[in-house]
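Working notes, structure below.
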Amino acid sequence: MIPYGHQDIDEADIDAVVSVLRSDWLTQGPAVEGFETEMARYCNAPHAIAVCNGTAALHLACRALGLGPGDSLWTSPITFVASANSARFCGAKVDFVDIDPHTYNISVAALSDKLVRAEREHKLPRVVMPVHFAGQPCPMEEIRQLADRYGFAIIEDASHAVGSTYLGERIGSSRYADAVVFSFHPVKTMTTGEGGMVLTNRAEVAETVRLLRAHGISYRMRGTTDAQEGDWYYEQVDLGYNYRMSDIQAALGRRQLQRLDLFVRRRRELAKRYNALLADLPLVRPWQHPSGESAYHLYPIRLQLRRIGKTRREIFDAMRSAQVGVQVHYIPVPMQPYYRKLGFGPGLFPEAEHYYSEALSLPLYYGLSDSEQEQVVDVLRTAITR
Ligand SMILES: *Cc1c(COP(=O)(O)O)cnc(C)c1O
């Protein structure tokens with residue numbers, strides 16, 4: 001089976017992990033600090049905090065921005081459930097903003113309209129979480145302008161966008177946002193096994209994320225303390241979590257980061273090849289907004305099912321039977337049973353639902369060879385035309 005995504009682990013990656021195993025530090029230690037410094041430099045971000053996965057990073061970013069009961073967070077319906085769930089962890093309400101039918105990211109026009117209505121009803125969100133779907137950057141300049149006007153904070157869910165650029169700068173710089181989140185799950189562009197990161201240009205956000213990553217414990221004396229307390233002393237000043245990344249993971253991350261540009265270059269090359277190979281088929285290829293350059297975490301196509309005369313299910317099943325691991329990203333989050341219980345359901349976000357009904361992600365990863373890619377296209381062509 002050609003999978004839809006796959007990590008690339010080389011001997012240097014393995015050696016780096018093994019050398020941590022031979023060292024004194026297995027949990028958060030010097031490798032985590034090194035990884036944070038190197039990623040901050042790569043993204044030109046003032047602060048980077050590594051955590052155990054992308055979901056934890058989203059949760060901590062929400063907490064650091066003060067999201068809680070009585071607040072609401074708005075995100076895209078076309079994302080992994082973790083984007084919305086991070087607000088629910090904080091007891092906040094979630095709402096969604098329909099997507100732009102060309103970029104599949106949240107539509108600025110829809111966001112703008114929804115803000116006008118929310119302002120009238122005194123229901124403005126505390127946080128808006130744009131998701132750089134498939135690696136395509138959201139229009140952050142426009143979203144920043146709306147944030148300044150309506151007073152919400154921005155968390156970029158950049159789980160797909162490690163290595164993407166927006167207006168000539170790498171995603172992660174946090175220029176337009178209060179926090180940016182990466183995931184290093186193995187299907188993403190680079191991996192630490194499980195892992196995530198919060199990047200921010202706000203020192204107080206960074207400090208809170210660091211604190212909550214490790215139980216809310218501070219080793220600085222903050223409260224009223226007895227002069228008898230010594231070096232063993234620590235204070236739990238907030239309710240935090242154990243969301244630390246281990247040095248084993250960070251060592252892998254540091255090595256992967258050195259090859260990130262290589263990974264991204266190959267992904268872009270493969271995307272360009274798909275664009276050419278698929279040009280004559282009844283489908284819509286991903287459109288690249290001119291303000292950004294995607295790192296192509298995914299290559300999602302839209303099947304023109306009426307022209308094809310088949311269902312997406314038939315094409316999906318035919319390709320899977322032919323050993324091509326296509327996937328669908330994503331079932332709109334408001335359609336999930338958990339979110340239906342909260343009052344969401346079909347009909348609320350028509351562009352997202354329309355996109356979902358015809359979406360198919362083709363295999364795309366660093367190690368995909370040209371001939372495997374041609375095989376994917378042949379199998380798709382047969383599935384569509386036969
Ligand atoms: C992968 C992903 C996450 C969560 O990342 P984990 O590291 O798996 O917790 C969040 N949001 C999006 C859009 C993702 O694709």
### Query
For the stretch 272-292, what are the residues that are more than 13 Å from residue 377 (Cβ to Cβ) and either assigned to a helix (DSSP H, G or I) or within 21 Å of the chain's Cα centre (by Cα) (or both)?
272, 286, 287, 288, 289, 290, 291, 292
### Message
Would you confirm whether or not the stretch 259-268 contains a residue that is outside any loop (DSSP other than H, G, I, E, B) and over 20 Å from residue 135 (Cα atoms)?
### Response
no
## Note on the structure
Counting only residues that are polar (S, T, N, Q), part of a helix (DSSP H, G or I), open to solvent by less than 60 Å² (accessible area, probe 1.4 Å) and within 29 Å of residue 190 (Cα to Cα), the stretch 358-386 contains a total of 1
### Message
When the residues of the stretch 311-328 are narrowed to those that are under 22 Å from residue 104 (Cβ atoms) and open to solvent by 50 Å² or more (accessible area, probe 1.4 Å), which ends up nearest to the ligand (Cβ to nearest atom)?
### Response
327
### Task
Would you check if residue 333 is within 17 Å of residue 284 (Cβ to Cβ), touching a residue at least 60 places away in the same chain (Cβ under 8 Å) and open to solvent by less than 60 Å² (accessible area, probe 1.4 Å)?
no
### Query
Only one of (1) more than 16 Å from the ligand (Cβ to nearest atom); (2) part of a helix (DSSP H, G or I); (3) open to solvent by 20 Å² or more (accessible area, probe 1.4 Å) fails for residue 55. Which number is that?
(1)
### Message
Here is a list: 244, 255, 259, 210. Which entry is touching a helix residue (DSSP H, G or I) at 6+ places or on another chain (Cβ under 8 Å) and away from the ligand (no atom under 16 Å from the Cβ)?
### Response
255
### Query
Is there a residue being more than 15 Å from the chain's Cα centre (by Cα), touching a residue at least 60 places away in the same chain (Cβ under 8 Å), buried (at least 17 other Cβ atoms within 10 Å of the Cβ) and within 16 Å of the ligand (Cβ to nearest atom) anywhere in the stretch 77-84?
no
## Note on the structure
Expected output for the stretch 309-329 (first residue modelled with pLDDT under 95, partner open to solvent by 60 Å² or more (accessible area, probe 1.4 Å) and part of a helix (DSSP H, G or I), Cβ below 9 Å, 6+ apart or cross-chain) is none
### Task
Report, ordered by the first and then the second residue, all pairs with beta carbons closer than 8 Å, sequence separation of six or more or different chains, a first member in the stretch 271-286 that is over 18 Å from residue 189 (Cβ atoms), and a second member that is of a type in the set (Gly, Ala, Ser) and surrounded by fewer than 19 Cβ atoms within 10 Å (Cβ to Cβ).
285/279
### Query
How many residues are out of contact with any Lys or Arg (no Cβ under 8 Å at 6 or more places or on another chain) and not in a helix (DSSP H, G or I) when one looks only at the stretch 11-45?
7
### Set 162, 180: member being touching a residue at least 24 places away in the same chain (Cβ under 8 Å), within 14 Å of the ligand (Cβ to nearest atom), within 26 Å of residue 291 (Cβ to Cβ) and in contact with a Leu (Cβ under 6 Å, 6 or more places away or on another chain)
180
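The values are calculated or read from the model by the stated rules, or taken from the named source; none is laboratory data. Bear in mind the structure is a predicted one, so any value in this text is a computation, not a measurement. Note that each Cβ is placed from the backbone with ideal geometry, even for glycine, and that neighbours are counted across all protein chains shown. The protein model used for the area step is the full one, side chains on, heavy atoms only, and it has no ligands, DNA or RNA in it. Shrake-Rupley method; radii C 1.70, N 1.55, O 1.52, S 1.80 Å.
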